[in-house]
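Have a look at the structure below, then the notes.
The values are calculated or read from the model by the stated rules, or taken from the named source; none is laboratory data. What you see is a predicted model, and the numbers here were worked out from it, not measured in a lab. The accessibility values were calculated without ligands, DNA or RNA, using every heavy atom of the protein model including side chains. Shrake-Rupley method; radii C 1.70, N 1.55, O 1.52, S 1.80 Å.
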Amino acid sequence: MSNITQPSNFPTIDQPSSPKCVRVCQNRTCKKQGAVKVLAAFAALPIPDVTITPSSCLGQCGNGPMVLVLPDMVWYSGVQPDEVSLLIENHLLGGQRVQQMLYYRFHPQK
């Protein structure tokens, strides 16, 4: 069941190509590594047109807390609650990936 509705009178010119969604893993290993606090940090700083959602296992156990930004397909690993504002400011608002937080398996450092 989806609660997402798109107002029909919304101007499409200023719309991003597709709305962003941030998934924060809440499975066992990530939870032990502090994912609940990471999710709470995102929830405390709401961003227009960005959905923050808890996620089931993202399949990268032991590297968490894992954060996946969609539709960008950008993975962040070991995210700490005090780093969430940096991620929001740089990536979600500024469109720039936070290099030092990128998950090395999917985003090898150049």
Under the Karplus relation with 6.51, -1.76 and 1.60 and θ = phi - 60°, whole-Hz ³J(HN,Hα) for region 56-68, x at Gly and Pro, equal 6, 3, 9, x, 10, 3, x, 10, x, x, 8, 10, 10
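With all protein chains present and a 1.4 Å probe, how do L70, L92 order by accessible area, largest first?
Numbers: L70 45, L92 20 Å².
Ranked from most to least accessible, the order is L70, L92.
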Leaving ligands and nucleic acids out of the surface, order Y104, Y76 by accessible area at 1.4 Å, largest first. Y104, Y76
Using a 1.4 Å probe on the protein heavy atoms, what percent of the accessible area of region 66-110 belongs to carbon and sulfur? 51 percent
